Every structure is written in C-alpha cells, then in structure tokens.
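A short write-up of the structure that comes next.
Since every read-out is calculated from the coordinates, none of them should be taken as a lab result. Small disclaimer: the values here were computed from a predicted structure and weren't measured. Reconstructed Cβ throughout: ideal geometry from the backbone, glycine too, with neighbour counts over all protein chains shown.
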Amino acid sequence: MFGSKLTRESVQRAFGNLKHHVGQTYHRTKHFLGQVDHGVQVAKRIYGAVAPVLEHYGGGAANKHIIKAIGGYEHLRNKVMDTHETAANNVNQVVGHLKKRVPELGL
C-alpha cells in the first residue's frame, strides 16, 4: 500500500469506503437514539398518568426528581439535535465545495 501509486480510483475508493462507514455508523446511532427517545416519551406519558397518585401518597420529593430528570433529558436532547443540525450543515458545505473544486472524485 505505501509503495503503490496514488490514483484517482484509489482516492475515489477511499472516499467511498469512508462515506459508507460513516453513513452506517450515523444511521445505526440515529436509529438507537430514536428508540431511546421513543422509550422516554412512553415513560413520560406513563408518569403523567401515575403522577397524581404518587402526589396523593406523599411522593412530592420523588416527583421533583422525576421532573428534574425529564427536564435534563429534554435539555440534552435539544443539544444533540442542535449539534446534529450544525454537523449536517457543515458536511453538506464541505461536500458542496469538494464537488465544485474536485469533480473527478465523483462525490
């Protein structure tokens, strides 16, 4: 590999492999986090149904902690979504520049 000549095909193949692996990792992570988010949304609905009963039986302290945990999750979720949007914009910008400046890569 180190002694071989750097060709357009080898660069295209390397970019293609990188794109494939990054894409697979992205999609699997997005799917996993979507499942986590769905689970949290279901748990929030369940909590909404049982919260009055917990409050009635003196679960005020527990309710405060649960509400704080939900708020923390929502804050983290928003940060992840903002970071995702920023990263997607940056990737699109880089790919756009590469397409213009190095069209032979075939991106």
- Query: If you count, for each residue, the other Cβ atoms within 10 Å and average over each peptide, how do 88-94, 9-15 line up from highest to lowest?
  - Reply: 9-15, 88-94
- Query: What lysines sit close enough to Lys44 to cross-link, taking a C-alpha to C-alpha distance under 26 Å and skipping anything fewer than 8 places away on the same chain?
  - Reply: Lys30, Lys64, Lys68, Lys79
- Message: Tell me the label only: which of (1) 70; (2) 62; (3) 48 is percent of Cα pairs over 17 Å apart as calculated from this structure?
- Response: (1)
- Query: Relative to the first principal axis of the alpha-carbon coordinates of the chain, what is the inclination of helix 8-56, with its axis defined by its Cα atoms, in degrees from 0 to 90 and to the nearest 10?
  - Reply: 0 degrees
